Amino acid sequence: MEIIPAIDLQNGEAVRLYKGDYDKKTVYSKNPLEIAQKFERMGAKYLHLVDLDGAKIGQTRNLELVRKIKDETRLKIEIGGGIRDFDTVRMYLEQIGVERVILGTAAVEKPDFLKELLIKYGPSRIVVGVDIREGFVSTSGWLEKTSLPYLSFLKKLERIGVKTVIVTDISKDGTLTGPNFKLYDEISKETSLDVIISGGVKDNSDIQRATRSDFYGIIVGKAYYEGKIILKRSSGMLTKRIIPCLDIKNGKVVKGINFVGLREIGDPVELAKIYEEQCADEIVFLDITASFEEREIIGELIGRAARELSIPLTVGGGIRSIDDFRRILARGADKVSVNSAAIENPELIRQAANEFGVQCVVVAIDAKANESGSSFDVYIKGGRENAGLDLVDWAKKCERLGAGEILLTSMDKDGTKTGYDLEMLNDVCTAVNIPVVASGGCGKISDIVEVFQNTRSDAALVASLFHYGEATVDEVKDELIKNNIPARIIKKETL
(Lines give C-alpha, C1' and ligand atoms only; values in the text may rest on other atoms or scores of the structure.)
Protein backbone atom coordinates (compact mmCIF):
# COMPACT_ATOMS: atom_id res chain seq x y z
CA MET A 1 0.00 0.00 0.00
CA GLU A 2 1.24 3.44 -0.96
CA ILE A 3 1.04 6.31 1.53
CA ILE A 4 0.51 9.36 -0.68
CA PRO A 5 0.88 12.87 0.78
CA ALA A 6 -1.35 15.50 -0.80
CA ILE A 7 -1.05 19.13 -1.76
CA ASP A 8 -4.19 20.99 -2.84
CA LEU A 9 -3.31 24.01 -4.97
CA GLN A 10 -5.28 27.26 -5.07
CA ASN A 11 -3.91 30.57 -6.30
CA GLY A 12 -0.40 29.12 -6.11
CA GLU A 13 -0.75 28.18 -2.44
CA ALA A 14 -1.09 24.88 -0.55
CA VAL A 15 -4.55 24.83 1.05
CA ARG A 16 -7.08 22.40 2.51
CA LEU A 17 -10.84 22.70 2.24
CA TYR A 18 -13.35 21.62 4.86
CA LYS A 19 -15.89 19.14 3.43
CA GLY A 20 -15.20 20.47 -0.06
CA ASP A 21 -16.37 23.99 0.79
CA TYR A 22 -14.31 26.59 -1.11
CA ASP A 23 -15.34 29.21 1.43
CA LYS A 24 -13.89 27.16 4.29
CA LYS A 25 -10.22 26.77 3.52
CA THR A 26 -6.98 26.90 5.44
CA VAL A 27 -3.77 28.12 3.78
CA TYR A 28 -0.86 25.96 4.96
CA SER A 29 1.92 27.31 2.79
CA LYS A 30 2.58 29.93 0.17
CA ASN A 31 5.33 27.70 -1.25
CA PRO A 32 3.95 24.26 -2.24
CA LEU A 33 7.33 23.30 -3.75
CA GLU A 34 8.96 23.44 -0.32
CA ILE A 35 6.28 21.11 1.06
CA ALA A 36 6.79 18.69 -1.82
CA GLN A 37 10.54 18.66 -1.21
CA LYS A 38 9.93 17.98 2.48
CA PHE A 39 7.70 15.03 1.60
CA GLU A 40 10.49 13.71 -0.61
CA ARG A 41 13.03 13.98 2.21
CA MET A 42 10.66 12.05 4.45
CA GLY A 43 10.76 9.13 2.05
CA ALA A 44 7.55 9.69 0.10
CA LYS A 45 7.52 8.21 -3.40
CA TYR A 46 4.23 9.61 -4.69
CA LEU A 47 2.63 13.04 -4.45
CA HIS A 48 -1.08 13.72 -4.91
CA LEU A 49 -1.70 17.16 -6.43
CA VAL A 50 -5.13 18.73 -6.91
CA ASP A 51 -5.63 21.91 -8.90
CA LEU A 52 -8.63 23.25 -6.97
CA ASP A 53 -8.92 26.27 -9.26
CA GLY A 54 -9.00 23.97 -12.26
CA ALA A 55 -11.54 21.63 -10.69
CA LYS A 56 -13.89 24.54 -10.07
CA ILE A 57 -13.79 26.16 -13.52
CA GLY A 58 -12.79 23.20 -15.71
CA GLN A 59 -9.41 24.61 -16.84
CA THR A 60 -5.91 24.16 -15.45
CA ARG A 61 -4.74 27.13 -13.39
CA ASN A 62 -1.57 25.95 -11.59
CA LEU A 63 0.28 24.43 -14.52
CA GLU A 64 3.67 26.09 -14.04
CA LEU A 65 3.66 25.23 -10.35
CA VAL A 66 3.03 21.56 -11.17
CA ARG A 67 5.85 21.68 -13.71
CA LYS A 68 8.20 23.20 -11.14
CA ILE A 69 7.40 20.51 -8.54
CA LYS A 70 7.97 17.81 -11.16
CA ASP A 71 11.28 19.32 -12.29
CA GLU A 72 12.68 19.95 -8.82
CA THR A 73 11.74 16.68 -7.07
CA ARG A 74 11.90 12.99 -7.94
CA LEU A 75 8.40 12.35 -6.66
CA LYS A 76 5.95 10.39 -8.78
CA ILE A 77 3.14 12.86 -9.30
CA GLU A 78 -0.54 12.18 -9.82
CA ILE A 79 -2.53 15.28 -10.76
CA GLY A 80 -6.24 16.05 -10.85
CA GLY A 81 -8.48 19.08 -11.20
CA GLY A 82 -9.85 20.58 -14.40
CA ILE A 83 -8.64 17.80 -16.70
CA ARG A 84 -11.38 17.73 -19.30
CA ASP A 85 -9.71 17.35 -22.74
CA PHE A 86 -6.98 15.50 -24.66
CA ASP A 87 -4.64 18.50 -24.82
CA THR A 88 -4.53 18.79 -21.03
CA VAL A 89 -3.92 15.07 -20.56
CA ARG A 90 -1.22 15.07 -23.23
CA MET A 91 0.46 18.10 -21.66
CA TYR A 92 0.60 16.53 -18.22
CA LEU A 93 1.68 13.04 -19.33
CA GLU A 94 3.92 13.78 -22.30
CA GLN A 95 5.29 17.28 -21.73
CA ILE A 96 5.49 17.65 -17.96
CA GLY A 97 5.94 13.92 -17.33
CA VAL A 98 3.61 13.27 -14.40
CA GLU A 99 3.03 9.59 -13.66
CA ARG A 100 -0.75 9.60 -13.85
CA VAL A 101 -3.68 11.96 -14.33
CA ILE A 102 -6.91 11.87 -12.38
CA LEU A 103 -10.20 12.33 -14.18
CA GLY A 104 -13.23 13.33 -12.13
CA THR A 105 -15.93 15.35 -13.84
CA ALA A 106 -14.76 14.26 -17.30
CA ALA A 107 -15.11 10.58 -16.34
CA VAL A 108 -18.76 11.22 -15.46
CA GLU A 109 -19.68 13.47 -18.34
CA LYS A 110 -17.47 12.03 -21.11
CA PRO A 111 -17.24 8.22 -20.76
CA ASP A 112 -16.09 7.85 -24.39
CA PHE A 113 -13.26 10.30 -23.69
CA LEU A 114 -12.23 8.16 -20.72
CA LYS A 115 -12.26 5.01 -22.88
CA GLU A 116 -10.04 6.64 -25.50
CA LEU A 117 -7.54 7.72 -22.86
CA LEU A 118 -7.41 4.21 -21.39
CA ILE A 119 -6.63 2.83 -24.84
CA LYS A 120 -3.98 5.45 -25.63
CA TYR A 121 -2.16 5.61 -22.29
CA GLY A 122 -3.16 2.42 -20.48
CA PRO A 123 -4.98 1.99 -17.13
CA SER A 124 -1.84 2.56 -15.08
CA ARG A 125 -1.69 6.23 -16.15
CA ILE A 126 -5.38 7.11 -16.12
CA VAL A 127 -6.97 7.16 -12.66
CA VAL A 128 -10.55 8.15 -11.89
CA GLY A 129 -11.37 10.26 -8.85
CA VAL A 130 -14.78 9.37 -7.48
CA ASP A 131 -16.07 11.98 -5.05
CA ILE A 132 -19.09 10.86 -3.03
CA ARG A 133 -21.64 12.98 -1.21
CA GLU A 134 -24.64 11.32 0.50
CA GLY A 135 -24.28 8.18 -1.62
CA PHE A 136 -24.03 9.92 -5.00
CA VAL A 137 -21.16 11.01 -7.22
CA SER A 138 -20.26 14.71 -7.14
CA THR A 139 -18.52 16.72 -9.88
CA SER A 140 -17.10 20.19 -10.62
CA GLY A 141 -14.81 20.31 -7.64
CA TRP A 142 -17.45 18.75 -5.35
CA LEU A 143 -19.88 21.58 -6.08
CA GLU A 144 -22.47 19.55 -8.02
CA LYS A 145 -24.12 16.35 -6.81
CA THR A 146 -25.23 14.04 -9.63
CA SER A 147 -27.97 11.41 -9.61
CA LEU A 148 -25.38 8.64 -10.07
CA PRO A 149 -25.24 6.11 -7.20
CA TYR A 150 -21.55 5.66 -6.42
CA LEU A 151 -21.47 1.85 -6.57
CA SER A 152 -23.20 1.69 -9.95
CA PHE A 153 -20.73 4.25 -11.29
CA LEU A 154 -17.73 2.33 -9.93
CA LYS A 155 -18.92 -0.90 -11.55
CA LYS A 156 -19.33 0.95 -14.83
CA LEU A 157 -15.76 2.19 -14.57
CA GLU A 158 -14.60 -1.36 -13.94
CA ARG A 159 -16.41 -2.61 -17.05
CA ILE A 160 -14.76 -0.09 -19.36
CA GLY A 161 -11.24 -0.92 -18.16
CA VAL A 162 -10.44 1.42 -15.27
CA LYS A 163 -8.13 -0.23 -12.72
CA THR A 164 -7.46 2.42 -10.09
CA VAL A 165 -9.86 4.83 -8.39
CA ILE A 166 -9.34 7.50 -5.77
CA VAL A 167 -12.48 7.52 -3.64
CA THR A 168 -13.27 10.52 -1.45
CA ASP A 169 -16.10 10.69 1.06
CA ILE A 170 -16.67 14.44 0.90
CA SER A 171 -18.35 14.48 4.30
CA LYS A 172 -15.07 13.25 5.81
CA ASP A 173 -12.58 15.37 3.88
CA GLY A 174 -10.68 17.79 6.07
CA THR A 175 -12.50 16.73 9.24
CA LEU A 176 -9.76 14.62 10.90
CA THR A 177 -12.46 12.14 12.00
CA GLY A 178 -11.09 9.07 10.23
CA PRO A 179 -11.88 7.62 6.79
CA ASN A 180 -15.21 5.98 6.03
CA PHE A 181 -13.78 2.46 6.09
CA LYS A 182 -17.26 0.94 5.79
CA LEU A 183 -17.56 2.61 2.39
CA TYR A 184 -14.12 1.50 1.24
CA ASP A 185 -14.60 -2.06 2.47
CA GLU A 186 -17.85 -2.27 0.50
CA ILE A 187 -16.19 -1.02 -2.69
CA SER A 188 -13.31 -3.47 -2.27
CA LYS A 189 -15.80 -6.31 -1.78
CA GLU A 190 -18.11 -5.40 -4.67
CA THR A 191 -15.44 -4.57 -7.28
CA SER A 192 -11.92 -5.59 -8.25
CA LEU A 193 -10.79 -1.96 -8.54
CA ASP A 194 -7.59 -0.81 -6.84
CA VAL A 195 -8.91 1.65 -4.25
CA ILE A 196 -6.97 4.65 -2.99
CA ILE A 197 -8.55 6.07 0.18
CA SER A 198 -9.01 9.82 0.40
CA GLY A 199 -10.63 11.97 3.06
CA GLY A 200 -10.68 12.10 6.84
CA VAL A 201 -7.35 10.51 7.81
CA LYS A 202 -6.73 11.57 11.41
CA ASP A 203 -3.59 9.75 12.59
CA ASN A 204 -1.24 6.83 12.00
CA SER A 205 -3.83 4.32 13.24
CA ASP A 206 -5.86 5.00 10.08
CA ILE A 207 -2.82 4.17 7.96
CA GLN A 208 -2.30 0.95 9.91
CA ARG A 209 -5.97 0.06 9.44
CA ALA A 210 -5.71 0.65 5.70
CA THR A 211 -2.48 -1.36 5.50
CA ARG A 212 -4.18 -4.39 7.04
CA SER A 213 -6.92 -4.27 4.41
CA ASP A 214 -6.90 -4.72 0.68
CA PHE A 215 -6.34 -1.12 -0.40
CA TYR A 216 -3.96 0.19 -3.02
CA GLY A 217 -3.10 3.42 -1.22
CA ILE A 218 -4.15 6.14 1.20
CA ILE A 219 -3.89 9.90 0.73
CA VAL A 220 -2.74 12.01 3.67
CA GLY A 221 -3.34 15.75 3.82
CA LYS A 222 -4.65 17.79 6.73
CA ALA A 223 -3.53 15.23 9.34
CA TYR A 224 0.06 15.85 8.28
CA TYR A 225 -0.22 19.62 8.10
CA GLU A 226 -1.66 19.79 11.62
CA GLY A 227 0.88 17.43 13.15
CA LYS A 228 -1.53 14.54 13.72
CA ILE A 229 0.46 12.06 11.68
CA ILE A 230 4.12 11.11 11.29
CA LEU A 231 5.25 10.49 7.75
CA LYS A 232 8.96 10.13 8.47
CA ARG A 233 10.22 7.07 6.59
CA SER A 234 6.60 6.09 6.07
CA SER A 235 7.63 3.59 3.44
CA GLY A 236 8.86 1.36 6.27
CA MET A 237 5.21 0.68 7.11
CA LEU A 238 4.47 -0.69 3.68
CA THR A 239 3.92 -4.36 3.09
CA LYS A 240 6.50 -6.55 1.41
CA ARG A 241 5.33 -7.94 -1.91
CA ILE A 242 5.25 -11.60 -2.94
CA ILE A 243 5.40 -11.90 -6.71
CA PRO A 244 5.06 -15.24 -8.51
CA CYS A 245 7.25 -15.22 -11.60
CA LEU A 246 6.15 -17.15 -14.66
CA ASP A 247 8.96 -17.79 -17.15
CA ILE A 248 7.28 -18.40 -20.50
CA LYS A 249 8.48 -20.24 -23.59
CA ASN A 250 6.22 -21.11 -26.51
CA GLY A 251 3.20 -19.95 -24.53
CA LYS A 252 3.85 -22.26 -21.55
CA VAL A 253 5.37 -21.70 -18.12
CA VAL A 254 8.79 -23.35 -17.83
CA LYS A 255 11.46 -23.61 -15.15
CA GLY A 256 15.09 -24.70 -15.18
CA ILE A 257 18.35 -24.42 -13.26
CA ASN A 258 20.87 -21.63 -13.94
CA PHE A 259 18.73 -20.53 -16.92
CA VAL A 260 18.98 -23.96 -18.69
CA GLY A 261 17.34 -27.40 -18.57
CA LEU A 262 13.83 -26.00 -18.93
CA ARG A 263 10.83 -28.05 -17.79
CA GLU A 264 7.24 -27.24 -18.82
CA ILE A 265 4.90 -26.37 -15.93
CA GLY A 266 1.55 -25.25 -17.37
CA ASP A 267 -0.67 -22.47 -18.75
CA PRO A 268 0.48 -18.99 -17.61
CA VAL A 269 -2.94 -17.42 -17.15
CA GLU A 270 -4.41 -20.36 -15.25
CA LEU A 271 -1.41 -20.45 -12.91
CA ALA A 272 -1.57 -16.69 -12.42
CA LYS A 273 -5.25 -16.92 -11.46
CA ILE A 274 -4.42 -19.53 -8.83
CA TYR A 275 -1.72 -17.30 -7.37
CA GLU A 276 -4.08 -14.33 -7.32
CA GLU A 277 -6.60 -16.40 -5.34
CA GLN A 278 -3.79 -17.16 -2.88
CA CYS A 279 -3.28 -13.39 -2.40
CA ALA A 280 -0.23 -12.75 -4.59
CA ASP A 281 0.54 -9.04 -4.81
CA GLU A 282 1.62 -8.99 -8.44
CA ILE A 283 2.38 -11.35 -11.32
CA VAL A 284 5.42 -11.27 -13.61
CA PHE A 285 5.42 -12.80 -17.10
CA LEU A 286 8.90 -13.19 -18.60
CA ASP A 287 9.14 -14.39 -22.19
CA ILE A 288 12.59 -15.79 -21.57
CA THR A 289 13.63 -16.54 -25.15
CA ALA A 290 12.12 -13.54 -26.96
CA SER A 291 15.34 -11.47 -26.91
CA PHE A 292 17.57 -14.37 -27.90
CA GLU A 293 15.20 -15.43 -30.70
CA GLU A 294 14.66 -11.77 -31.74
CA ARG A 295 10.89 -12.04 -31.97
CA GLU A 296 7.88 -10.20 -30.61
CA ILE A 297 6.66 -10.90 -27.10
CA ILE A 298 3.50 -12.91 -26.36
CA GLY A 299 0.85 -10.25 -27.05
CA GLU A 300 -2.31 -12.36 -27.06
CA LEU A 301 -1.34 -14.01 -23.79
CA ILE A 302 -0.84 -10.61 -22.14
CA GLY A 303 -4.29 -9.47 -23.20
CA ARG A 304 -5.92 -12.62 -21.81
CA ALA A 305 -4.06 -12.26 -18.51
CA ALA A 306 -4.98 -8.57 -18.17
CA ARG A 307 -8.65 -9.42 -18.70
CA GLU A 308 -8.70 -12.20 -16.12
CA LEU A 309 -6.44 -10.75 -13.40
CA SER A 310 -7.11 -7.83 -11.08
CA ILE A 311 -3.62 -7.63 -9.53
CA PRO A 312 -0.78 -5.78 -11.30
CA LEU A 313 0.90 -7.55 -14.21
CA THR A 314 4.52 -6.96 -15.22
CA VAL A 315 5.66 -8.24 -18.61
CA GLY A 316 9.20 -8.62 -19.93
CA GLY A 317 11.26 -10.33 -22.60
CA GLY A 318 12.01 -9.12 -26.11
CA ILE A 319 11.42 -5.43 -25.35
CA ARG A 320 13.36 -3.42 -27.91
CA SER A 321 11.61 -0.07 -28.40
CA ILE A 322 9.15 2.51 -27.13
CA ASP A 323 6.60 0.94 -29.46
CA ASP A 324 7.04 -2.35 -27.58
CA PHE A 325 6.33 -0.54 -24.31
CA ARG A 326 3.27 1.12 -25.84
CA ARG A 327 1.93 -2.13 -27.29
CA ILE A 328 2.34 -4.11 -24.06
CA LEU A 329 0.76 -1.41 -21.87
CA ALA A 330 -2.10 -1.10 -24.35
CA ARG A 331 -2.67 -4.84 -24.01
CA GLY A 332 -3.34 -4.24 -20.30
CA ALA A 333 0.00 -4.78 -18.56
CA ASP A 334 0.76 -2.43 -15.67
CA LYS A 335 4.56 -2.47 -15.94
CA VAL A 336 7.10 -3.38 -18.60
CA SER A 337 10.37 -5.08 -17.71
CA VAL A 338 13.31 -4.36 -20.01
CA ASN A 339 16.72 -6.02 -19.86
CA SER A 340 18.93 -6.52 -22.92
CA ALA A 341 17.59 -3.55 -24.89
CA ALA A 342 18.20 -1.19 -21.97
CA ILE A 343 21.87 -2.15 -21.95
CA GLU A 344 22.16 -1.80 -25.71
CA ASN A 345 20.28 1.54 -25.63
CA PRO A 346 20.15 3.05 -22.11
CA GLU A 347 18.19 6.04 -23.40
CA LEU A 348 15.25 3.66 -23.82
CA ILE A 349 14.82 3.81 -20.03
CA ARG A 350 14.61 7.60 -20.05
CA GLN A 351 12.28 7.68 -23.04
CA ALA A 352 9.93 5.14 -21.49
CA ALA A 353 9.91 6.90 -18.12
CA ASN A 354 9.16 10.24 -19.74
CA GLU A 355 6.34 8.88 -21.91
CA PHE A 356 4.69 6.35 -19.62
CA GLY A 357 5.88 7.29 -16.12
CA VAL A 358 8.59 5.73 -14.01
CA GLN A 359 6.06 3.47 -12.30
CA CYS A 360 5.70 1.56 -15.60
CA VAL A 361 9.45 0.99 -16.11
CA VAL A 362 11.11 -2.03 -14.53
CA VAL A 363 14.73 -2.76 -15.40
CA ALA A 364 15.49 -6.46 -15.08
CA ILE A 365 19.13 -7.23 -14.33
CA ASP A 366 20.61 -10.73 -14.58
CA ALA A 367 23.98 -10.93 -12.82
CA LYS A 368 26.48 -13.36 -11.39
CA ALA A 369 29.75 -13.20 -9.50
CA ASN A 370 32.81 -12.56 -11.62
CA GLU A 371 35.88 -14.79 -11.55
CA SER A 372 37.49 -12.84 -8.73
CA GLY A 373 34.36 -13.13 -6.60
CA SER A 374 34.72 -9.50 -5.55
CA SER A 375 31.84 -8.07 -7.59
CA PHE A 376 29.08 -9.04 -10.01
CA ASP A 377 28.84 -8.88 -13.79
CA VAL A 378 25.67 -8.12 -15.77
CA TYR A 379 24.44 -10.53 -18.47
CA ILE A 380 22.02 -10.14 -21.36
CA LYS A 381 19.95 -12.25 -23.79
CA GLY A 382 18.60 -14.62 -21.18
CA GLY A 383 21.95 -14.91 -19.42
CA ARG A 384 23.81 -15.98 -22.53
CA GLU A 385 26.17 -13.01 -22.95
CA ASN A 386 28.31 -11.04 -20.50
CA ALA A 387 27.48 -7.37 -21.05
CA GLY A 388 30.78 -6.17 -19.59
CA LEU A 389 29.06 -4.04 -16.95
CA ASP A 390 29.52 -3.86 -13.19
CA LEU A 391 26.21 -4.62 -11.45
CA VAL A 392 26.18 -1.72 -8.98
CA ASP A 393 27.27 0.83 -11.58
CA TRP A 394 24.56 -0.32 -13.95
CA ALA A 395 21.85 -0.30 -11.24
CA LYS A 396 22.73 3.28 -10.28
CA LYS A 397 22.65 4.37 -13.91
CA CYS A 398 19.22 2.77 -14.37
CA GLU A 399 17.92 4.81 -11.44
CA ARG A 400 19.38 8.04 -12.85
CA LEU A 401 17.74 7.37 -16.21
CA GLY A 402 14.30 6.95 -14.66
CA ALA A 403 13.76 3.29 -13.81
CA GLY A 404 10.98 2.90 -11.24
CA GLU A 405 12.08 -0.51 -10.02
CA ILE A 406 14.88 -3.05 -10.40
CA LEU A 407 14.20 -6.75 -10.76
CA LEU A 408 17.50 -8.35 -9.75
CA THR A 409 18.12 -12.01 -10.59
CA SER A 410 21.13 -13.97 -9.38
CA MET A 411 22.16 -16.32 -12.18
CA ASP A 412 24.30 -18.28 -9.72
CA LYS A 413 21.26 -18.95 -7.56
CA ASP A 414 18.49 -19.24 -10.15
CA GLY A 415 16.63 -22.54 -9.86
CA THR A 416 19.03 -23.96 -7.26
CA LYS A 417 16.63 -23.57 -4.30
CA THR A 418 19.55 -22.57 -2.05
CA GLY A 419 18.24 -19.14 -1.08
CA TYR A 420 18.56 -15.65 -2.50
CA ASP A 421 21.96 -14.03 -3.06
CA LEU A 422 21.94 -11.73 -0.05
CA GLU A 423 25.33 -10.18 -0.81
CA MET A 424 24.27 -9.20 -4.31
CA LEU A 425 20.97 -7.78 -3.09
CA ASN A 426 22.58 -5.75 -0.34
CA ASP A 427 25.06 -4.27 -2.79
CA VAL A 428 22.24 -2.99 -5.00
CA CYS A 429 19.76 -2.05 -2.25
CA THR A 430 22.45 0.09 -0.63
CA ALA A 431 23.34 1.78 -3.91
CA VAL A 432 19.84 2.81 -5.09
CA ASN A 433 16.71 4.36 -3.62
CA ILE A 434 14.14 2.75 -5.93
CA PRO A 435 12.45 -0.58 -5.06
CA VAL A 436 14.48 -3.74 -5.60
CA VAL A 437 12.80 -7.09 -6.28
CA ALA A 438 14.83 -10.13 -5.19
CA SER A 439 14.93 -13.00 -7.68
CA GLY A 440 16.73 -16.30 -8.03
CA GLY A 441 17.31 -19.13 -5.57
CA CYS A 442 14.16 -19.36 -3.47
CA GLY A 443 13.71 -22.95 -2.31
CA LYS A 444 11.69 -22.71 0.89
CA ILE A 445 9.58 -20.26 2.84
CA SER A 446 12.42 -19.46 5.23
CA ASP A 447 14.44 -18.12 2.26
CA ILE A 448 11.77 -15.43 1.76
CA VAL A 449 11.75 -14.56 5.44
CA GLU A 450 15.54 -14.34 5.35
CA VAL A 451 15.67 -12.03 2.35
CA PHE A 452 13.36 -9.52 4.03
CA GLN A 453 15.13 -9.78 7.38
CA ASN A 454 18.64 -9.38 5.97
CA THR A 455 18.23 -7.07 2.98
CA ARG A 456 16.20 -3.98 2.12
CA SER A 457 14.47 -5.75 -0.76
CA ASP A 458 10.94 -4.48 -1.37
CA ALA A 459 9.62 -7.69 -2.90
CA ALA A 460 10.50 -11.33 -3.49
CA LEU A 461 10.08 -13.05 -6.82
CA VAL A 462 9.16 -16.72 -6.42
CA ALA A 463 8.89 -19.44 -9.04
CA SER A 464 9.76 -23.10 -8.30
CA LEU A 465 8.42 -23.04 -4.74
CA PHE A 466 4.95 -22.18 -6.03
CA HIS A 467 5.04 -23.94 -9.40
CA TYR A 468 5.86 -27.33 -7.88
CA GLY A 469 3.27 -26.99 -5.11
CA GLU A 470 5.83 -26.93 -2.30
CA ALA A 471 4.20 -23.86 -0.73
CA THR A 472 1.37 -21.40 -1.40
CA VAL A 473 1.39 -17.63 -1.33
CA ASP A 474 -0.90 -17.76 1.72
CA GLU A 475 1.55 -19.94 3.61
CA VAL A 476 4.42 -17.60 2.80
CA LYS A 477 2.51 -14.57 4.05
CA ASP A 478 1.44 -16.33 7.23
CA GLU A 479 5.10 -16.99 7.98
CA LEU A 480 6.04 -13.39 7.21
CA ILE A 481 3.44 -12.13 9.67
CA LYS A 482 4.75 -14.54 12.34
CA ASN A 483 8.18 -12.97 11.85
CA ASN A 484 6.84 -9.40 12.11
CA ILE A 485 7.32 -8.72 8.41
CA PRO A 486 4.36 -6.71 7.03
CA ALA A 487 2.41 -8.53 4.32
CA ARG A 488 -0.99 -8.09 2.70
CA ILE A 489 -3.11 -11.07 3.72
CA ILE A 490 -6.74 -10.09 3.14
CA LYS A 491 -8.19 -11.48 -0.07
CA LYS A 492 -11.06 -10.12 -2.13
CA GLU A 493 -14.16 -12.27 -2.42
CA THR A 494 -14.79 -13.83 -5.78
CA LEU A 495 -18.08 -12.49 -7.16
Return the residue satisfying two criteria in turn: it lies in the range 147-168 and is free of Cβ contacts under 8 Å to residues at least 40 places away in the same chain, in a strand (DSSP E or B) and under 24 Å from F181 (Cβ atoms), and of such residues it is most open to solvent (accessible area, probe 1.4 Å). P149
Quickly run through the range 313-340 and pick out the residues that are surrounded by fewer than 21 Cβ atoms within 10 Å (Cβ to Cβ) and either hydroxyl-bearing (S, T, Y) or part of a loop (DSSP other than H, G, I, E, B) (or both). R320, S321
Would you mind stating whether G161 is small (G, A, S) and under 20 Å from the mean Cα position of the chain (by Cα)? yes
Within the bounds of the range 84-96, is there any residue that is assigned to a helix (DSSP H, G or I), crowded, with 22+ Cβ neighbours inside 10 Å and not β-branched (V, I, T)? yes
Looking for something at pLDDT below 85, open to solvent by 40 Å² or more (accessible area, probe 1.4 Å) and among the acidic types (D, E) - is there at least one such residue anywhere in the range 212-224? no
If you check every pair at least six apart or on different chains, which have Cβ atoms under 6 Å apart with a residue in the range 66-93 that is closer than 15 Å to H48 by Cα first and a residue that is of a type in the set (S, T, Y) and surrounded by 18 or more Cβ atoms within 10 Å (Cβ to Cβ) second? K76/Y46; I79/Y92; G82/T60
Please indicate, with yes or no, whether at least one residue in the range 104-120 is within 25 Å of the chain's Cα centre (by Cα) and part of a strand (DSSP E or B). no
Name the strands (runs of 3 or more DSSP E) wholly within the range 8-82 that hold at least 2 residues that are open to solvent by less than 30 Å² (accessible area, probe 1.4 Å) and touching a Lys or Arg at 6+ places or on another chain (Cβ under 9 Å)? 13-18, 46-51, 76-80
Of the residues G54, G12, only one is more than 28 Å from the chain's Cα centre (by Cα) and in contact (Cβ under 8 Å) with a residue 12 or more places away in the chain; which? G12
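The values are calculated or read from the model by the stated rules, or taken from the named source; none is laboratory data. It should be emphasised that the depicted structure is a prediction, and the values quoted were computed from it without experimental measurement. Because the Cβ atoms are built from the backbone with ideal geometry, glycine has one as well, and the counts that use them run over all protein chains shown. Surface accessibility is based on the protein's heavy atoms, side chains included, excluding ligands, DNA and RNA. Shrake-Rupley method; radii C 1.70, N 1.55, O 1.52, S 1.80 Å.
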